[in-house]
Amino acid sequence: ASRVLDAGVRLPRPLSPHLSAALAGKPISTAPLMDLVWSQPDTDRWIVEGAGGVLVPLNEHELMVDLMAVLGLPVLIVSRSGLGTINHTLLTIEALRSRGIAVAGVVMQGEPNADNRVAIETRGHVAVVGEVPRLDAVTPDAVQAASACLAPGGELDAWFA
């Protein structure tokens, strides 16, 4: 059975986490988040969505990558498929690996770009596990259709074993 853990930090404005939290008067700290995680059954499997990127600030002292490191989960990077993605994605991979965080793969979002895909796979030593189209409207049907493009060959199965 699947469920959504509807607890944690919810912020009203679509800004970087530290700024949205400051404007809402709700500072983010990893300690209460980890207390929430550790209070859950050990048998639960987690999919956690990050916000903004691995080096975005959570607060005055912590970055998103600090939370990722404490969670200890493998990271699935979502990157754009177009111009600039090689540098952005390789820097993200390097930032994660330098902190000992496992990279499960990359999902490229947007118009497929074979050259960018090959560059990320060969230089990042990582699998691109899906190429998902840009969604003009995020509806249940659109998400269902896009999910068929994610790890169609079972590339992520080993991470869920």
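Scanning residues 5 or more positions from VAL132 or on other chains, those with amide H under 5 Å from its amide H are MET108, GLN109, GLY110, with H placed 1.01 Å from N in the peptide plane.
Between VAL143 and LEU5, residue separation times 0.36 nm minus the direct Cα-Cα distance comes to 47.7 nm. Segment LEU15..ASP35, full-extension length gain: 4.7 nm, with 0.36 nm per residue of separation and the alpha-carbon distance subtracted. For Cα Rg over 2.2 N^0.38 Å, computed directly from the structure shown, the correct entry in (i) 1.20; (ii) 0.94; (iii) 1.09 is (iii).
Amide H contacts of LEU15: SER20, each under 5 Å away and 5 or more positions distant or on a separate chain (H built 1.01 Å from N in the peptide plane; Pro and chain starts excluded).
A simple spin-label model places pseudo-atoms 7 Å from Cα toward Cβ; at ALA119 and LEU83 they are separated by 1.2 nm.
Amide H to amide H, with H built 1.01 Å from N, GLY50 comes under 5 Å of no residue 5 or more places away or on another chain. When Rg and the Kirkwood radius Rh are both evaluated on Cα atoms of region 112-158, their ratio Rg/Rh stands at 1.04.
Per-residue 3J(HN,Hα) values for region 23-37, derived from phi via the Karplus relation 6.51 cos²θ - 1.76 cosθ + 1.60 with θ = phi - 60°, read 5, 8, x, 10, x, 9, 9, 6, 4, x, 5, 5, 4, 4, 4 Hz in sequence order (x marks Gly and Pro). Between the Cα long axis of helix 85-98 and the first principal axis of the chain there is an angle of about 50°, rounded to the nearest 10. Residues in region 128-139 carry Karplus couplings, in order, of 7, 9, x, 10, 10, x, 5, 9, 6, 9, 8, 10 Hz; the curve used is 6.51 cos²θ - 1.76 cosθ + 1.60 with θ = phi - 60°, and Gly or Pro positions show x. Compute the separation of the alpha-carbon centres of region 7-28 and region 74-94 and state it in Å as a whole number. Taking the Cα centre of region 74-94 as reference, the centre of region 7-28 is 25 Å away.
We did not get these values from a lab; they are worked out from the coordinates using the rules stated. Predicted, not measured: the structure shown is a model, and the values here were computed from it. Neighbour counts are summed over all protein chains in view; Cβ atoms, including those assigned to glycine, are modelled from backbone coordinates with ideal geometry.
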